[in-house]
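Below is one structure, written out as structure tokens; comments come after it.
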Amino acid sequence: ANVFQSHEEDDRKVRRREKNRVAAQRSRKKQTQKADKLHEEYESLEQENTSLKREIGKLTDEMKHLSEVLKDHEKICPLLHCTMNFVTLPRPDALASCLPR
């Protein structure tokens, strides 16, 4: 009975060790997949960030340009020289000449 018992214990140990090995393997695989996913997410966010920075650059340039255009327009705009112009304008088309078409 003693030999049979130790053989059964060995079997149990082997099964436990195998089960543990498989579980460890599964855990490592899961960790690797998680790391891969995080890396992909990181790459994607980096690309988005670069794209948004480029867009910010374009919009900043556009804003500078439009500010210059507005500054130039203010110099010649009859509506901005006198607050009374709205009242004293002889014809509404004078106002229209200032507005964008």
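The values are calculated or read from the model by the stated rules, or taken from the named source; none is laboratory data. Everything numeric here is computed off the predicted structure, so don't read it as measured data. Each accessible area value is taken on the protein alone, full model and side chains, heavy atoms only, with ligands, DNA and RNA left out. Shrake-Rupley method; radii C 1.70, N 1.55, O 1.52, S 1.80 Å.
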Reported set for region 1-40 where residues are open to solvent by 100 Å² or more (accessible area, probe 1.4 Å) and among the acidic types (Asp, Glu) is Glu40
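Tell me, which residue of region 44-101 that is of a type in the set (Lys, Arg) and assigned to a helix (DSSP H, G or I) is modelled with the lowest pLDDT? Working first, answer last.
Start the filter on region 44-101 by keeping residues that are of a type in the set (Lys, Arg), which leaves 53-54, 58, 64, 71, 75, 91, 101.
Subsequent filtering for residues that are assigned to a helix (DSSP H, G or I) retains 53-54, 58, 64, 71, 75.
Values: Lys53: 98, Arg54: 98, Lys58: 98, Lys64: 98, Lys71: 91, Lys75: 87.
Taking the candidates together, the pick is Lys75.
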